[in-house]
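The values are calculated or read from the model by the stated rules, or taken from the named source; none is laboratory data. Every value quoted in this text rests on a predicted model; they were computed, and no experiment measured them. Reconstructed Cβ throughout: ideal geometry from the backbone, glycine too, with neighbour counts over all protein chains shown.
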Ligand SMILES: C[C@@H](CNC(N)=O)C(=O)O
Ligand SMILES: [Zn+2]
Ligand SMILES: [Zn+2]
Ligand SMILES: [Zn+2]
């Protein structure tokens, strides 16, 4: 079977003639329902869902027989064109979103990360300028908080009220670059609560990492394996616990990004359970990554320094081979809610910045293209969860948490026509030789995955057409994310 990545030819000039599309004979999968249904689309919006729908003239018919019709993936965690650790991530807003669409993701949420003294308003505009005219799909922005001050608090309010930002990422790691102390975390969480915004954390203890790194380097351990040695699971778990405690003391929600270990995931699950017991509901949410469920730190697969450096991200991939299965199980039982890619990609020459000192290796891996297939293969194909839960963790929950549901993350009347027509029986082999990302490495190299997009509609435009990629550079729009998500702030016990 020819796989999508081999048969995909970019065809940027192709224009879809019809703005009327009827998707017939498919099985429509939403987070809460799966049934045979047809979908009628006009002007980029889903107008009708049902059987025996009318077929106005000049309607393009897509036959989805034996395919699943799902909400396009929403990747809540990307870093396109990010300046970080002396390099700029090579997947820019064009290559990154082109690859996302090729893999069935129709919206990304990128992190605008400020330099220490940079205004949050300036960094917002900087990211908007980078993305506009390049993105092939819609996008939203989370804003990083690299320091705490009254001025930052004011800027957060302006971002929420004027610029459609409802989420802010605080770092407990990267000492001297992004790291905040507990007082700053407390105050930033409180500011988020007062704004109806969502505090997000990178949960690792940056002080321990800083001291461990010095000790490892002084002892002569400079290779890429030093990265994981400097930040073992308990250094992540400790920070997860601390962030959960602070959020519960403040009374704010909390979204923990890139949960990478069993220990951290367990602590998160315990806090969620305790909060449900005490308050009848929880406002703590956990995200894991395609990398964490698709692979682990496997010494057998690391044949050279570059292989190791290419797998360096923070928190690190864990050497415990049971980690992927464990995290998939937590995704299945809703101890974890979303899956991202954390796509921050650096080529071999950039990773080489750390060839004599692991703490200088630009942190980050790929995932924006392969997230959907990896999670389908490891989750649905492996019978860990069903297609409805796949939709929930790859699209719907992110839409609900960041308050753009049901415009996004749903196949329903009035929703944007961001749709992936998924062939569960088709297989593709992942490789840097054939992926659409700009990066020269793929941490899933050689992985054979069931689950390939046959068609991908972005705002009603067919951007993968019977396996052929036809992206439209600049087609994507910025999607404001309003504050006071009902799913986060007022979810009743039994969320409808
Ligand atoms: C800055 C970014 C780098 N990527 C990574 N996780 O190593 C992150 O920490 O999320
Ligand atoms: Zn992070
Ligand atoms: Zn190599
Ligand atoms: Zn990240």
Kindly indicate which of 240, 257, 152, 165 is closer than 24 Å to residue 478 by Cβ, at pLDDT 95 or above and within 16 Å of ligand 4 (Cβ to nearest atom). 257
Restricting attention to the stretch 193-233, which residues are in a helix (DSSP H, G or I), in contact (Cβ under 8 Å) with a residue 60 or more places away in the chain and more than 20 Å from residue 173 (Cα to Cα)? 193, 195
Tally time: how many residues in the stretch 459-468 are within 21 Å of the chain's Cα centre (by Cα) and within 23 Å of residue 425 (Cα to Cα)? 2
Return the residues of the stretch 237-263 that are under 22 Å from residue 279 (Cβ atoms) and in a helix (DSSP H, G or I); say none if nothing qualifies. 240, 241, 242, 243, 244, 245, 246, 247, 248, 249, 250
Residue identified as assigned to a loop (DSSP other than H, G, I, E, B) and at pLDDT below 95 among 433, 491: 491
Any residue in the stretch 337-357 that is over 27 Å from residue 376 (Cβ atoms) and touching a residue at least 24 places away in the same chain (Cβ under 8 Å) sitting within a Cβ distance under 6 Å of a residue that is part of a helix (DSSP H, G or I) and within 16 Å of ligand 3 (Cβ to nearest atom)? List the pairs, counting only those 6 or more apart or interchain. 348/306; 351/309
Of the residues in the stretch 85-114 that are within 15 Å of ligand 4 (Cβ to nearest atom) and within 21 Å of residue 482 (Cα to Cα), the one that is surrounded by the most Cβ atoms within 10 Å (Cβ to Cβ) is 108
Selection within the stretch 285-330 - under 24 Å from residue 353 (Cα atoms), within 15 Å of ligand 1 (Cβ to nearest atom), part of a helix (DSSP H, G or I) and in contact with a helix residue (DSSP H, G or I) (Cβ under 7 Å, 6 or more places away or on another chain): 308, 309, 310
Residues of the stretch 48-59 being in contact (Cβ under 8 Å) with a residue 40 or more places away in the chain and surrounded by 15 or more Cβ atoms within 10 Å (Cβ to Cβ), in sequence order, are 49, 59
Would you kindly identify the strands (runs of 3 or more DSSP E) lying entirely within the stretch 14-122 that contain at least 1 residues that are more than 16 Å from ligand 3 (Cβ to nearest atom) and in contact with a helix residue (DSSP H, G or I) (Cβ under 6 Å, 6 or more places away or on another chain)? 20-30, 33-42, 68-71, 73-78, 105-112
Here is a check on your reading of the model: is residue 476 surrounded by 22 or more Cβ atoms within 10 Å (Cβ to Cβ), at pLDDT 95 or above and in a strand (DSSP E or B)? no
Return only the number of the condition from (1) buried (at least 23 other Cβ atoms within 10 Å of the Cβ); (2) without any contact (Cβ under 8 Å) to a residue 12 or more places away in the chain that residue 122 does not satisfy. (1)
What residue, among those in the stretch 169-189 that are in contact with a helix residue (DSSP H, G or I) (Cβ under 6 Å, 6 or more places away or on another chain) and within 20 Å of residue 268 (Cα to Cα), is farthest from ligand 3 (Cβ to nearest atom)? 186
So, in the stretch 130-182, exactly how many residues are more than 16 Å from ligand 2 (Cβ to nearest atom) and in a loop (DSSP other than H, G, I, E, B)? 14
Quickly run through the stretch 262-315 and pick out the residues that are buried (at least 18 other Cβ atoms within 10 Å of the Cβ) and free of Cβ contacts under 8 Å to residues at least 12 places away in the same chain. 282
Taking the stretch 154-213 on its own, how many of its residues are over 23 Å from residue 78 (Cα atoms) and crowded, with 22+ Cβ neighbours inside 10 Å? 2
Could you check the stretch 236-251 and list, in sequence order, the residues that are touching a residue at least 60 places away in the same chain (Cβ under 8 Å) and crowded, with 24+ Cβ neighbours inside 10 Å? 236, 239, 243
Residue list for the stretch 344-397, restricted to those being surrounded by 22 or more Cβ atoms within 10 Å (Cβ to Cβ), more than 16 Å from ligand 2 (Cβ to nearest atom) and in a loop (DSSP other than H, G, I, E, B): 369, 370
Restricting the search to the stretch 143-153, which residues are buried (at least 24 other Cβ atoms within 10 Å of the Cβ) and either under 22 Å from residue 399 (Cβ atoms) or within 16 Å of ligand 3 (Cβ to nearest atom) (or both)? 143
